[in-house]
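Values in this text are rule-based calculations from the coordinates and carry no lab data. These numbers were taken from a predicted model, which means no experiment stands behind them. Cβ sites come from the backbone with ideal geometry, for glycine too, and all protein chains shown count toward neighbours.
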Amino acid sequence: MNKSIYINPFDLECEEYAKKFDKAMDDKSWQVVRQLIHEVELFLQINDTISYTPLYYSLGTAYGDLAFHCSDEFTDKNKEKSLFYYRKCFESLQKEELQEQEYQPYILGLKLNLLTNYGNTFDYCDRKLAAIRMYREALKICPDFMMAKGNLGVAFLHYSMLLHDSSHRDYLNYFAYGYLKEAVNDKTGNVYVNAKKWFNSAMKKYDPEYIQCVLEVPLEIPEYDLGDEEETDYRKWCLSNHLFLNPLNDLPLEHSCFAADVLELPPVVTDAKQEEIPIYFGLFNQIKQEFIYARYLIYVGKTYRSEPHYSDKETYLVNLYDYPQYSSRIEGIKLAFRSLYSLFDRVAFFISRYWDLGLKERDISFSNIWKSHMGKGKKEYALKNILSPKDNYGLNSIWWIYKDFKEKFGKSSKPKSQKLNVLRNALEHKYVKVHDSVLFNIDEPYVDEELTYHISEDDLYNYTLELMILVRELIIDLVLAVHVEEMRRKEKFDNRKVLHIELDNYDDKWKI
């Protein structure tokens, strides 16, 4: 019988440094941690090769632990550095040299811890949905990895606390409690002592009666008809990619009950003299509908490839023999990307109106809503109100999405989503050539001497899907932010009568 031989692609010095970091963190010797960080950062300036990939994980974990355990270190700078080094580690793990089969046990072992700790740093930044994604990915690799399960339980608990829909809260809490219980009762020794205490303290937040009557009762999930075969395939694709505007689609199971865009704004308190329905509801409808249509376009672009669409027939195009993709299907994916990108400014318009920032219409953008002043010289003006992200979980998550999308982390010369920004600029203003992924091999998108942006169809799809996931997070965070703000505003009305006005559902039969 042939026995597989596995090879460790990483230098043993990585393991030695990991032990030093672990000991310093266990001893709470934070000055030693800082010294090790400085030493490893200098080392990597000289030895930036794939054999030292785990050192980026060690640095990300060290900065994350400093931010979490030291009150004076709980800074945006340390969180940014943690995210930066985790991303460097991910980028390195994706390199072709590390894809050999004999390396995989070591690669997957590193990925398990990387995904879990990456999720923890997202959680420190209040990006609950991004954290949940990381924990889910870890559990795909190893379904019984209890550190990921415990942290996912904590994330679901916190997520539930931000929702205004009580039925959604019950579902999330059911899974939160189950994962926390598994992690606390773990017998493998894979859950650290301090982590087990953390998970146990989270479990204790639940009232005993709630545990008995809701969390420990077998969960009954109703079945729904997903429609004909074509609609069922579409909804299953949305479910598997966690793309429904529905908090329950963040759960790790794909159920017909969750295959609907049920996300809505919480009740909004207005002045009794206001006769018109607030603009927020109509604007949110538009944001949702644009997202839903973009999602459908990318699905069609990915799946409907059996034959040319009739709109493309008898269309004269010159054959340049470089295997470009010309079709309504490809244009649909491009349009989906552009539409999704525009939703950042649409959300900014919502935020500007709802929080009454006083931005002039021409100045409203996803970048400008975080400022205190606009314009220069005689045209300069102060905003009426200034956003305070740290006072609102939802807003803080949106703030970190902005930083992720627009700002530079750590020593990076570009923000995380720079590739999305470059593609958007090319789609809006330049010539983008999409190539068949089989016939024309492109390792990554590039711009040639003629300033043509070249991208494979697979990369176009993956970039658009990545953007869609980010925009979904943005939209859900917007609802969470409004809910937190409404809870705060309602405190001002404790001694005043508030009348409830119900808004009707927009019937499906009208959507023609």
When we measure straight from the Cα of K187, which aspartates and glutamates land under 15 angstrom away, once same-chain ones fewer than 8 places off are left out? D144
May I ask for the equivalent-ellipsoid semi-axes of segment 1-124, computed as the square root of five times each C-alpha gyration tensor eigenvalue and listed largest first in whole Å? 27, 15, 13
Cut-off under 20 Å on the C-alpha distance; same-chain residues fewer than 8 positions from K378 excluded. Which aspartates and glutamates are left, in chain and number order? E361, D363
Antiparallel DSSP beta bridges within the chain, percent to nearest 5: 50
Explain nothing, just the number: relative contact order of the chain, from Cα pairs under 8 Å at least 6 residues apart, as a whole percent. 12
Suppose R0 equals 25 Å. What FRET efficiency, 1/(1 + (r/R0)^6) with r the Cβ-Cβ distance, do E231 and E264 give to the nearest 0.05? 0.65
Students often get this wrong, so check it: of K128/K403; K334/K430; K376/K403, which have C-alpha atoms separated by over 19 Å? K376/K403
Would you please state the base-10 log of I(q)/I(0) at q = 0.17, 0.26 1/Å for segment 324-399, with intensities from the Debye formula using one equal scatterer on every alpha carbon? -0.70, -1.20
Rounded to one decimal in nm, the spacing of the 7 Å Cα→Cβ label points at H38 and S388 is 3.7
Cα-based Lys proximity count in segment 1-124, under 22 Å, for pairs eight or more positions apart or on separate chains: 22
In deg cm²/dmol and to the nearest 500, what is the mean residue ellipticity at 222 nm of the chain if only DSSP H runs of at least 4 residues count, each as -39500 (n - 2.57), divided by the residue total? -18000 deg cm²/dmol
Per the Kirkwood formula over distinct C-alpha pairs, the hydrodynamic radius of the chain in angstrom is 25.5
Using a 10 Å cut-off on Cβ atoms, rank the peptides 281-292, 127-138 from the highest mean neighbour count down. 127-138, 281-292
Name the residue from T188, S166, P218 whose Cα lies farthest towards the positive end of the charge dipole of segment 146-220, charges +1 on Cβ of Lys and Arg and -1 on Cβ of Asp and Glu. T188
For segment 347-385 and segment 204-254, write down the distance between their C-alpha centroids in whole Å. 39
Output ordering of 84-95, 360-371 (per-residue mean of other Cβ within 10 Å, highest first) is 84-95, 360-371
Among the chymotrypsin sites (Phe, Trp or Tyr not before Pro) in segment 150-205, which ones are in a DSSP loop with at most 16 other Cβ atoms within 10 Å of the Cβ? Mind listing them? Y192
Can you list which of the DSSP-assigned H helices in the chain have a Cα extent of 18 Å or more along the long axis and an average Kyte-Doolittle score of at least 0.0? 30-46, 53-69, 128-141, 146-162, 279-303, 328-354, 457-490
